[in-house]
1. Report in % the part of the accessible area of the range 23-97 that belongs to carbon and sulfur, leaving out ligands and nucleic acids; probe 1.4 Å.
2. Please work out how much length the chain gains when fully extended from residue 208 to residue 187, using 0.36 nm per residue of separation minus the C-alpha to C-alpha distance, in nm with one decimal.
3. Rank by packing, highest mean first: peptides 227-235, 14-22, 267-275, with packing defined as the count of other Cβ atoms within 10 Å averaged across residues.
4. Assuming 0.36 nm per residue, please report the length gained on full extension of the stretch residue 225 to residue 10 beyond their Cα-Cα distance.
5. For a Förster distance of 35 Å, can you work out the FRET efficiency between the beta-carbons of residue 25 and residue 253, rounded to the nearest 0.05?
6. Using mean Cβ contacts within 10 Å as the protection proxy, how do 90-101, 254-265 order, highest first?
7. Taking the simple approach of a point 7 Å from Cα along Cα-to-Cβ for both residue 242 and residue 165, what is their distance in nm?
8. What are the semi-axes of the equivalent ellipsoid for the range 197-248, taken as the square roots of 5 times the Cα gyration tensor eigenvalues, largest first, in whole Å?
Amino acid sequence: MGGSDFSRDVARAGFDALERLDAATNFSRCYPETANAVLAYHAVGNPAGYGNVSVDRFRRDLDYLTEHFRVVDLPAVLDSDGDERVALTFDDAYDDFAENALPVLREYGVPATLFVPVDFVGAAPEGYAYRFARSPTEYEAFNDPASFADETVRDPGVMSWERLRAVASDPLVTVGTHTRTHPDLARIHDRAVLEREIVGARDELEDRLGVTVDRFCYPFGRYSEEAVDVVRRSHEVAVTSRRGVVFDPERTDEFRLPRVRAHENERRVRWDLSALRWRLTEFVG
Ligand SMILES: [Zn+2]
């Protein structure tokens, strides 16, 4: 479609209308083409946290997902048997995962990947706030010592090693690397630092938890080519924050998988999970 503001506004309005219509009728489920998707969750149950969903909402999500998709372990979104698959991921290893998300995963018997920022496990490293924000700029602002005084906006903490070990021993949970200090990898070009943040973090998770770690999540969804290269040589699969679904596993870069943001409103998430929505996007831009 043309690039004028007017045509873009019209396209956007049409798109919003389709999203509402889909919420009312679920028509996107009749679209014949299938696509797999990865959902990105953060905290479950803490009302203040970025990316938070409530426990009730999470349960409704699983009702919907188990009805319309096969909920699979992350690498299986790169396969297809003509079924539609969705994988669940949780960023930042928030403490509330154990209390709020894991019991629901068990209830539905579905797997999930938990991405751990290693140096924050148990406590924030010296000089960092234990907060994860939606952008590197916010992250830096939060790590300004002045912001430590603001106790009212704290996210739930990252789980302890003891708790993480217990969670990782659940057959439904697979632990993945989310670096050591949750930096903006797009701005790190020093190989030694990349190795420490990506390979070092993986090695420590494997040593401390006694599990194999082969999946990675880029903090803030950001990376440099050098970072992707280090991830490619040390992991099997990696997720970004780019919005989208997996249409053709064979032609998908398994080290830059797109995800659907699970904390958007329900109507948006369901529309974002549909193959139709992304095919239309190719026309709308
Ligand atoms: Zn994160």
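1. Answer for the range 23-97: carbon and sulfur cover 47 percent of the accessible area.
2. Answer, rounded to one decimal: 4.7 nm.
3. Values: 227-235: 19.0, 14-22: 14.3, 267-275: 20.8.
By packing density, highest mean first, the sequence is 267-275, 227-235, 14-22.
4. In short, 73.8 nm is gained.
5. Result of the calculation: an efficiency of 0.55.
6. Values: 90-101: 23.3, 254-265: 19.0.
My ranking of the peptides, most packed first, is 90-101, 254-265.
7. So the two model labels end up 3.9 nm from each other.
8. 21, 13, 10
The values are calculated or read from the model by the stated rules, or taken from the named source; none is laboratory data. The shown structure was predicted, so the numbers you read here are calculated from the model rather than taken from an experiment. With ideal geometry, Cβ positions are generated from the backbone for all residues, glycine too; neighbour counts draw on all protein chains shown. Keep in mind that these areas ignore ligands, DNA and RNA; they rest on the heavy atoms of the full protein, side chains included. Shrake-Rupley method; radii C 1.70, N 1.55, O 1.52, S 1.80 Å.
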